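Participant: Okay, handing you the structure first.
We did not get these values from a lab; they are worked out from the coordinates using the rules stated. These numbers were taken from a predicted model, which means no experiment stands behind them. Here the Cβ positions follow ideal geometry from the backbone for every residue, glycine too, while neighbour counts run over all protein chains shown.
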Ligand code: F6R
């Protein structure tokens, strides 16, 4: 595992974007796994400043809410469209998000795993980590070999994400998330973490026991992990 500690959140974006740019230059049809939430936004902003041909790059989102109306601005389909597809000039046909409004979300989840496999797997998976250690929406207790599936969001995650909605009640109860086993199949995991409020959970994930109680601890099982953290988030690392 390599760990870069940089002064600011904006610098995490520059460093992570540099890593992604190198991958895309060497493999113009690279398959990226893209996270939403606040942590990766500096990456997408910095990557947009690289002069890259993104026309063949493919992307799979980590997760999606179940039950938001199509086109809801906080659905991850819309967030990925705004922050990734448009900002980075990806071909929308090359970008996939789990179908949170499918009549059968479990089937949509299984289809999603199959689509990732069909694309040849993910070259670089961008990740953030939740305050409770979740990776994607794999909440504590998720099996370490779990596949893409429907999950119930914990109250803590719904409270954390309420900042994006007009009322806390609007945050959906369920989601489709890539599983921890699915994430571990990506060839390179790129975790970006910012802020003192993440220092304790980052230390638990990287230095603590590998346990379903802290889903982020599965990073310790992967042979190629890069962590980019600002100084505040890295302050409790061993
Ligand atoms: C987002 C995702 C989540 C976030 C995590 C951290 O697609 O899967 O695991 O990465 O909740 O969110 P932020 O970055 O907003 O603190």
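Participant: Rounded to the nearest 5, what is the percent of antiparallel bridges among the DSSP beta bridges in segment 2-234?
Facilitator: Values: 10 of 32 bridges.
The antiparallel fraction comes to roughly 30 percent.
Participant: Explain nothing, just the number: relative contact order of segment 2-234, from Cα pairs under 8 Å at least 6 residues apart, as a whole percent. Display every interim value, and only then the final one.
Facilitator: Numbers: 501 pairs, mean separation 58.5, N = 233.
Computed value for segment 2-234: 25 percent relative contact order.
Participant: Next question, about the same structure. With 5 Å bins from zero, work out the P(r) of the chain over every alpha carbon pair and list the percent per bin.
Facilitator: Going out from 0 Å in 5 Å bins, the chain shows 1, 7, 15, 20, 21, 19, 12, 5, 1, 0 percent.
Participant: Next question, about the same structure. Order these peptides, 78-84, 26-32, 114-120, by their mean beta-carbon neighbour count within 10 angstrom, highest first. Working shown, then result.
Facilitator: On the way: 78-84: 19.4, 26-32: 16.4, 114-120: 13.1.
Result, highest mean first: 78-84, 26-32, 114-120.
Participant: Related question: How large is the helix-only mean residue ellipticity at 222 nm for the chain, computed as the sum of -39500 (n - 2.57) over DSSP H runs with n ≥ 4, divided by its residue count, in deg cm²/dmol to the nearest 500? Walk me through the numbers before you get to the answer.
Facilitator: Numbers: 8 runs with 69 residues, N = 238.
Rounded to the nearest 500, the figure is -8000 deg cm²/dmol.
Participant: Another question about this same structure. Rounded to the nearest 0.05, what FRET efficiency is calculated for residue 93 and residue 145 with R0 set to 35 Å and r the Cβ-Cβ distance?
Facilitator: Details: r = 31 Å, r/R0 = 0.89.
According to the calculation, E is roughly 0.65.
Participant: Please give the peptides 37-45, 99-107, 132-140 ranked by average Cβ packing (other Cβ atoms within 10 Å per residue), highest first, as a rough proxy for protection. Working shown, then result.
Facilitator: Numbers: 37-45: 21.4, 99-107: 15.3, 132-140: 24.0.
Most protected by this proxy first, the peptides run 132-140, 37-45, 99-107.
Participant: Roughly speaking, what is the centre-to-centre gap between segment 161-238 and segment 40-59 when only Cα atoms are used, to the nearest Å?
Facilitator: So the separation of the two Cα centres works out to 22 Å.
Participant: If you find the alpha carbon centre of segment 1-39 and of segment 71-101, how far apart are they in angstrom?
Facilitator: Going from one Cα centre to the other spans 18 Å.
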